[in-house]
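Structure first, commentary second.
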Amino acid sequence: MTRATQPLVTAGASAERRSTSYSVLTSAMERHEGVWTVCPGEDWRQGRTLFGGLTAALCLEAAAREFTDLPPLRSAQFALMAPPSGVVRIRAELLRKGKSTAFVSTDLSGDSGLATRATLCFAQGRHSAHSFQGITAPAVARPDLCPPFPRKPTFAQHFDAGFAGGSMPYSEAEDPTTLLWYRLRDDAKNVTLPMLTAIADAAAPAMMARVSEMPPLSTMTWAVHYLSEQPTTENGWWLLRTSAESARNGYTTESVTIWNSTGEPILVGRQTLALFA
């Protein structure tokens with residue numbers, strides 16, 4: 001998700017700024033009268049708002065803390081209605097819980113009121129006679145052989161990124177599809193689904209490959225589907241494919257797919273963005 005587009009530089013160029021890692025930030029979440037609060041610093045900002053991937057991840061973190069006996073997360077739908085600022089407040093509500101599934105709603109608010117509403121679906125695994133996997137990972141070079149992927153948004157200092165193929169931003173390419181290796185700069189031993197959600201949104205909008213100069217973009221909705229209950233990968237690296245699928249009437253639709261280092265599909269997502277041009 002994105003709320004603003006800025007000029008590009010190497011993702012690590014802001015590394016010397018004061019920053020708080022994802023796991024340190026989320027460990028500081030506190031609950032008071034049914035509301036979880038956290039205060040992300042400037043290092044997690046994207047233009048005039050909080051990084052959208054962190055906004056989504058915080059919704060997941062609050063739900064997991066509020067309801068500790070949920071089955072595995074299967075999908076999440078996020079509606080981004082306004083840019084959050086200041087102290088973030090998240091209220092999680094259990095909508096329904098059955099024998100194998102549970103639905104949770106989270107409302108994330110900032111100093112100016114409600115900013116994001118999420119609906120989360122949790123479901124137990126079950127025996128099935130059907131097994132199919134049609135999301136094939138592309139053949140790309142290892143992360144250590146890929147050049148750094150340039151980005152400047154402030155939050156980019158929390159990620160390492162390598163360009164693995166496809167179209168570069170501002171290249172006026174016919175096919176706005178980009179392949180990237182991404183990992184979160186964090187000391188946490190295991191990557192959680194909220195962390196992976198933040199990684200899924202860290203790449204530049206795919207529409208940037210279609211143009212020479214990008215107008216502002218603003219995510220409206222984002223649907224994410226989780227294909228693995230406990231994803232793992234080598235050295236923290238995940239392969240992302242981002243693609244702009246359609247742009248008309250002032251809106252664009254984009255997709256993202258994530259594989260781990262062995263080519264196992266881990267996550268798929270699709271978002272609708274307002275395109276201000």
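Of all residues in segment 106-131, those being surrounded by fewer than 16 Cβ atoms within 10 Å (Cβ to Cβ) and either basic (K, R) or over 17 Å from T219 (Cβ atoms) (or both) number 11.
Scanning segment 154-172 for residues that are of a type outside the set (F, W, Y) and more than 14 Å from M208 (Cα to Cα) yields a count of 9.
All conditions in (1) surrounded by 15 or more Cβ atoms within 10 Å (Cβ to Cβ); (2) free of Cβ contacts under 8 Å to residues at least 12 places away in the same chain hold for G98, with the sole exception of (1). Kindly indicate whether any position in segment 135-147 is outside any helix (DSSP H, G or I), open to solvent by less than 30 Å² (accessible area, probe 1.4 Å) and touching a helix residue (DSSP H, G or I) at 6+ places or on another chain (Cβ under 9 Å). Looking through segment 135-147, none of the residues is outside any helix (DSSP H, G or I), open to solvent by less than 30 Å² (accessible area, probe 1.4 Å) and touching a helix residue (DSSP H, G or I) at 6+ places or on another chain (Cβ under 9 Å).
Take the residues of segment 227-256 that are of a type in the set (S, T, Y) and surrounded by 20 or more Cβ atoms within 10 Å (Cβ to Cβ): which is farthest from N190 (Cα to Cα)?
Pass one, segment 227-256, residues of a type in the set (S, T, Y): 228, 232-233, 242-243, 246, 251-253, 255.
From the residues that got through so far, the ones that are surrounded by 20 or more Cβ atoms within 10 Å (Cβ to Cβ) too are 242-243, 252.
Working: T242: 24, S243: 28, T252: 34 Å.
The qualifying residue farthest from N190 (Cα to Cα) is T252.
For segment 148-176, what are the residues that are of a type outside the set (D, E, K, R) and assigned to a loop (DSSP other than H, G, I, E, B)?
As a first pass, look at segment 148-176 and keep what is of a type outside the set (D, E, K, R): 148-150, 153-159, 161-171, 173, 176.
Result: F149, P153, S167, M168, P169, Y170, S171, A173, P176.
Of all the residues in segment 237-263, those that are under 15 Å from L193 (Cβ atoms) and either not in a loop (DSSP other than H, G, I, E, B) or not polar (S, T, N, Q) (or both) number 3.
Scanning segment 177-218 for residues that are open to solvent by less than 30 Å² (accessible area, probe 1.4 Å), farther than 16 Å from E254 by Cβ and outside any strand (DSSP E or B) gives L193, P194, M195, L196, A198.
Can you tell me which residue in segment 160-176 is nearest to G53 (Cα to Cα), limited to those that are open to solvent by less than 30 Å² (accessible area, probe 1.4 Å) and in contact with a strand residue (DSSP E or B) (Cβ under 6 Å, 6 or more places away or on another chain)?
Initial filter on segment 160-176 (open to solvent by less than 30 Å² (accessible area, probe 1.4 Å)): 161-162, 164-165, 167, 169, 173, 176.
Going one step further and asking which of them are in contact with a strand residue (DSSP E or B) (Cβ under 6 Å, 6 or more places away or on another chain), we end up with 161-162, 164-165, 167, 176.
Numbers: A161: 15, G162: 19, A164: 21, G165: 23, S167: 22, P176: 21 Å.
Going through the qualifying residues, I end up with A161.
The values are calculated or read from the model by the stated rules, or taken from the named source; none is laboratory data. Values in this document were obtained by computation on a predicted structure and should not be read as measured data. Because the Cβ atoms are built from the backbone with ideal geometry, glycine has one as well, and the counts that use them run over all protein chains shown. Ligands, DNA and RNA are excluded from the accessible area calculation, which covers all protein heavy atoms including side chains. Shrake-Rupley method; radii C 1.70, N 1.55, O 1.52, S 1.80 Å.
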